[in-house]
1. Please arrange Leu52, Leu22 by counting, for each residue, the other beta carbons lying within 10 Å of its beta carbon, fewest first.
2. Assuming a strict under-14 Å limit between Cα atoms, what lysine pair count do you get for the chain once near-sequence pairs (fewer than 8 apart, same chain) are dropped?
3. Need one number: nm distance between label points at Glu25 and Asp56, each 7 Å from Cα along Cα→Cβ, rounded to one decimal.
4. For the chain, what does the relative contact order come out to in percent, with C-alpha contacts under 8 Å and a separation of six or more?
5. With the cut-off at 1.5 for a/c, could you classify the chain from its C-alpha gyration tensor as rounded, prolate or oblate?
6. Top mean-square fluctuation among Gln43, Gln54, Gln20, Gaussian network model of the chain, C-alpha springs under 10 Å?
Amino acid sequence: MRKLERSWAQDGMQWAKNMQILIKEINTHQIDETSLNEDTKAQYIEAYQKILAQGDIKCPPLDKLAD
């Protein structure tokens, strides 16, 4: 969470802020309902993967930079 906060606060990486929000939402949901149904899990996985893809665009992994 600290690295995401830094990426957002210092570098303006919106994807990092979105990831923080998603992680907090998942945590709150998990606390409120100890069991997540399959639809909810699928929605969280889709949102997570979308945010990761945004991060890859803004901050490509080092192995992609070498190509």
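1. On the way: Leu52 12, Leu22 15.
In order of increasing Cβ crowding within 10 Å: Leu52, Leu22.
2. On the way: Lys3/Lys17; Lys17/Lys50; Lys17/Lys58; Lys50/Lys58.
Pairs that pass both the separation and distance tests number 4.
3. Each label point lies 7 Å from its Cα, and together they span 2.1 nm.
4. For the chain, the relative contact order is 31 percent.
5. Numbers: a/c = 3.35, a/b = 1.68, b/c = 1.99.
Oblate is the answer for the chain, as a/c is 1.5 or above yet b/c matches or exceeds a/b.
6. Answer for the Gaussian network model of the chain: Gln43.
Where a number appears in this text, it was derived from the coordinates with a stated rule and is not lab data. Keep in mind that this is a model prediction, so the values were computed, not measured. Using ideal geometry, Cβ is built from the backbone for each residue, glycine included, and neighbour counts are taken over all protein chains shown.
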